[in-house]
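Below is one structure, written out as structure tokens; the observations come after it.
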Amino acid sequence: MSGTLRKVALIAGAVALVASGVGAALGPAAAGAAGSAGVGGLSITSLATYASLAATVASVGAQLTAKKPNAKGSVSSVTIDTDALSPYLIGRTYAGGVLRHDVGYGATLSKVKNPYRGMPIVYSVAGPLEALEGAYLDFKLIPFSGTAATGYYAGFLYRDFRLGLTPDTALTPNWPGMPNWGTDYKLSGKASILWNLKFDKKAKRFSSGVPIQGAVWKGVKCYDPRKDDTYPGGIGAHRIDNRATWEWSECPGLHALKYALGSYQNGIKIFGVGLPVAGIMVEHFIALANVCDANGWKVGGVIFEPGDRWANLKDILQAGGAEPLFIGGKLGLKINAPRVSLDTVTPADLADDDAEVTAMQSWRDRRNGIIPKYRSEANKWDYVQSDMVQVADYVTEDGEEKNEERQYNLVQDKDHAAQLAGYELVNGRERFPLVIPCKPRLRKYGPGDMLTLELPDHDLDGVDAVIVDRSMDPATMVVTLTFMEETPGKHATVLALTGTAPPPPDLVDPADRDDLISGIEEPDDMDGGDATTEVE
């Protein structure tokens, strides 16, 4: 790979991958072997071969050049909607949640009618979640002792929460009498908080209004085939059909598998794609899980349904540097990871002399700089920019800067975002597609396997390349393999990238804001009495 990536720290990322056992998980996964290639291509003389190759290129190209996941807006604010989408919380993250009920009630207190307010908010379906880490107002952590807030809001703020068991008990307000709420109002399977507030003019609490509510959770649990001793190679008590055996995880590979399988409650699918196990190349997701663990990549955030499930799946996989592909009618993955070559393709392996070798991916689609955006806990969980990742030699090659902002919706770490941007840049320079019709000897290899191409007549002399698609003609037993070139050393370079974070904002103290608002209001003649018998 030519050029120097900005923000490169000198660490051996690829060595760490190999040492961590990724090679064993991927099968063909370890550090890439050396190899380089020139530029060239041959005309195709056979009409039948041409049609087959063209169809393969179109199919694979459509999958690999599909639009990147759309950038999503903030999920930090409370959603208020009569027909709101269902949230699904992944990893460790902050969420504003979806307001399901909002009511003021209670006897007049210090001339405040309906002084109590009850607000049940749902943060995730597909429970139970692992844990509620903390409740926040205006992005400031509020200390609680049991259900009661301490500190500034002591006596004025209470919470009751549920992790989302099925079945579950109803949330209970601190002040009784909340209208349209009771023991029958259950939110089974939904992680939720009932916020209970008291307004009192004398105390000035909430005089500036109800602050922005939110919570940090450890989200949904996942099945891990690596911890299932009924799955080949697995060790442990995980079972795919028993959610009680699952564990909380931040691994993109495991969350992608869980979303593909779908989440069920009482036998009904409530979230996710819902593919059968037989329709998923589970080994690909295990490989991705190992790669993500080795790289330290985590996934975190909130997705919603009803909605675009394909986009949701791509968002989860994007956090793992992977893309979904359908391979032989099954859901598989294209994974960024070091590999070892399993075999060598020589002229003797060609079914005929026709092959389609692309010199370079199109100028229009290539980028030489990417500005990554990620969700920053230090910046009120908003999406913020890191420094641009750019390759100087790519700029020279293109003749101009071709930069683009890329938001990684479920990434919450600056270095992680920079590394994903780096992979996108270097992969955009690999030769693709390399479509080669081969004899039946190579039919045992498929997507994800890396082979070495020793085809000097096709300007492929010692080129390592990863199979991204395979098709076979049963009449002739010709297997057509579509490759993407794999440049040695790119993984270590990309995994050494680091990002930058903008400075965190100043947070307003709620006491100062309440004092400011109450100070500009006209004083009244409050007599200091407690609750009266007057009821609104």
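The values are calculated or read from the model by the stated rules, or taken from the named source; none is laboratory data. The shown structure was predicted, so the numbers you read here are calculated from the model rather than taken from an experiment. Every residue, glycine among them, receives a Cβ derived from its backbone with ideal geometry; neighbour counts consider all protein chains shown. When the accessible area is computed, the model is the full protein with side chains, heavy atoms only, and any ligands, DNA or RNA have been set aside. Shrake-Rupley method; radii C 1.70, N 1.55, O 1.52, S 1.80 Å.
Just a few scattered comments:
- Pairs from the list K298/K334; K227/K298; K298/K444; K198/K269; K298/K380; K314/K439 with a Cα-Cα gap above 28 Å: K298/K444; K198/K269; K314/K439.
- Spatially proximal aspartates and glutamates relative to K218 (Cα-Cα < 15 Å; intrachain offsets below 8 disregarded): E130, E133, E247, E250, E377
- Computed over protein heavy atoms with a 1.4 Å probe, the accessible surface of the range 246-289 works out to 34 Å² per residue.
- Taking the protein heavy atoms of the range 247-287 in the context of the full set of protein chains, the accessible area attributed to carbon and sulfur is 62 percent at 1.4 Å.
- Rolling a 1.4 Å probe over the protein heavy atoms of the range 73-170, with every protein chain left in place, gives an accessible area that is 54 percent carbon and sulfur.
- Summed over the residues of the range 290-361 and divided among them, the accessible surface reaches 35 Å² per residue at a probe radius of 1.4 Å.
- A dipole drawn for the range 164-249 from +1 and -1 charges on Cβ atoms has a positive end, and of H238, T169, P179 the residue lying farthest that way is P179.
- Rounded percent of accessible protein surface that carbon and sulfur make up, the range 375-483, 1.4 Å probe: 44 percent
- 1.4 Å probe accessible area per residue over the range 400-512, in Å²: 36 Å²
- The range 463-502 and the range 178-204 have Cα centres spaced 53 Å apart.
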